[in-house]
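Working notes, structure below.
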Amino acid sequence: DAGVIQSPRHEVTEMGQEVTLRCKPISGHDYLFWYRQTMMRGLELLIYFNNNVPIDDSGMPEDRFSAKMPNASFSTLKIQPSEPRDSAVYFCASRKTGDSGNTIYFGEGSWLTVV
Amino acid sequence: GQSLEQPSEVTAVEGAIVQINCTYQTSGFYGLSWYQQHDGGAPTFLSYNALDGLEETGRFSSFLSRSDSYGYLLLQELQMKDSASYFCAVRSLLSGNTPLVFGKGTRLSVIA
């Protein structure tokens, strides 16, 4: 089975530009999470969806960040305008209700550098 | 809220045993998980403890004491490939479907 698929894997952009990160969760999974990882702050939850509906976006740093999940197989995280402090690895993860334990499945991440 | 404390770095010798500790504070407890992340890679699930005691999976074991809000990951017969970051994680609320909150991670370096 394919895992969580993210794109792009790497992106370098100039400050002020719009950045769109994409995620395809594992088929059949009803939860989707966006995490951001930096050396200083570790893995932070930005937002999560259940059945395509945003449940909690309290981790989104500010209005420059937005996320959508138009259907069960696709989600986007958008930063507009981007700033150098947004440089981080952005992970998408998914899980299925009823899965045992605390298992969530991460994508390989999108490495964002804003210069 | 939730908070997790784990050492930032640990160094151990190939073939040895290493223990990575995690203490947590959470408003509701639904189990302690451990994830492994190699440099440049994604976090991957290692183990999960919902009840007190030791869970063993091959060379890796994880322990939980709910009364002490404490757990650890034990890695035996260390191999160079075990060099990675290890994260403990708990749920944000007393629910099986709320997001995981991660500790800052422990970077394990295995040396020859």
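Bear in mind these aren't lab numbers, they're just calculated from the coordinates by the rules spelled out. Worth saying up front: this structure is predicted, and the values here are computed from it rather than measured. Here Cβ is always computed from backbone atoms with ideal geometry, including for glycine, and neighbour counts include all displayed protein chains.
Where does each of A:Met60, B:Met80 land when they are ranked from fewest to most other beta-carbon atoms within 10 angstrom?
Details: A:Met60 18, B:Met80 10.
By the 10 Å Cβ count, ascending: B:Met80, A:Met60.
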Under 28 Å Cα to Cα from B:Lys81, which lysines show up? Leave out anything in the same chain fewer than 8 places away.
B:Lys104
Dipole of chain B (Lys/Arg Cβ +1, Asp/Glu Cβ -1, origin at the Cα centre): which of B:Thr44, B:Thr11, B:Leu108 lies farthest to the positive side?
B:Thr44
Excluding residues on the same chain fewer than 8 positions from A:Lys24, give the aspartates and glutamates whose Cα lies under 15 Å from its Cα.
A:Asp1, A:Glu108
Hand me the trypsin sites (Lys or Arg not before Pro) from the range A:18-76 located in a DSSP loop with no more than 15 other Cβ atoms within 10 Å, in residue order please.
A:Arg41, A:Arg64
Under the Karplus curve 6.51 cos²θ - 1.76 cosθ + 1.60, θ = phi - 60°, whole-Hz ³J(HN,Hα) for the range B:11-25, x wherever Gly or Pro sits
10, 9, 8, 3, x, 7, 10, 9, 10, 10, 8, 8, 10, 9, 10
One would report the Cα pair-distance distribution of the range A:54-115, bin width 5 Å, in %, as 4, 13, 21, 26, 19, 10, 5, 2, 0
Label model pair B:Ser27, B:Arg66: point-to-point distance (7 angstrom along the Cα→beta-carbon line) in nm is 1.9
Phi angles of the range A:28-38, converted by Karplus (6.51 cos²θ - 1.76 cosθ + 1.60, θ = phi - 60°) into ³J(HN,Hα) in whole Hz with x for Gly and Pro, give x, 7, 9, 10, 9, 10, 10, 10, 10, 10, 9
Shielding score for A:102-111, defined as the mean number of other chain Cβ atoms within 10 Å
5
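From the convex hull of the Cα coordinates of the range B:38-82, what is the mean projected area in square nanometres?
Details: hull surface 15.4 nm².
Mean projected area of the Cα convex hull: 3.8 nm².
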For the range B:36-112, the fraction of alpha-carbon pairs in successive 5 Å shells from zero, as %
3, 14, 22, 25, 20, 10, 4, 1, 0
Taking only the Cα positions of the protein assembly as shown, the convex hull volume per residue in Å³ is 121
Highest GNM mean-square fluctuation among A:Thr76, A:Thr20, A:Thr103, for chain A with Cα springs under 10 Å, belongs to A:Thr103
Taking beta carbons within 10 Å but only from partner chains, what does the mean come to for residues A:39-47?
4
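Arrange the peptides B:51-60, A:84-93 so that the one whose residues have, on average, the most other Cβ atoms within 10 Å appears first. Can you show the working numbers first?
Working: B:51-60: 11.7, A:84-93: 19.6.
The packing order, highest mean first, is A:84-93, B:51-60.
What does the structure give for B:32-38 when I average, per residue, the other chain Cβ atoms found within 10 Å of the residue Cβ?
Details: counts 1, 4, 1, 5, 0, 5, 0.
Partner Cβ neighbours, averaged per residue: 2.
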Separation of the range A:15-68 and the range B:11-45 by C-alpha centroid, Å?
23
Enclosed volume per residue, in Å³, of the convex hull spanned by Cα atoms of the range A:1-112
99
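Once you wrap a convex hull around the alpha carbon atoms of the range B:1-48, what is its projected area averaged over all directions, in nm²?
On the way: hull surface 18.2 nm².
Averaged projected area of the range B:1-48's Cα convex hull equals 4.5 nm².
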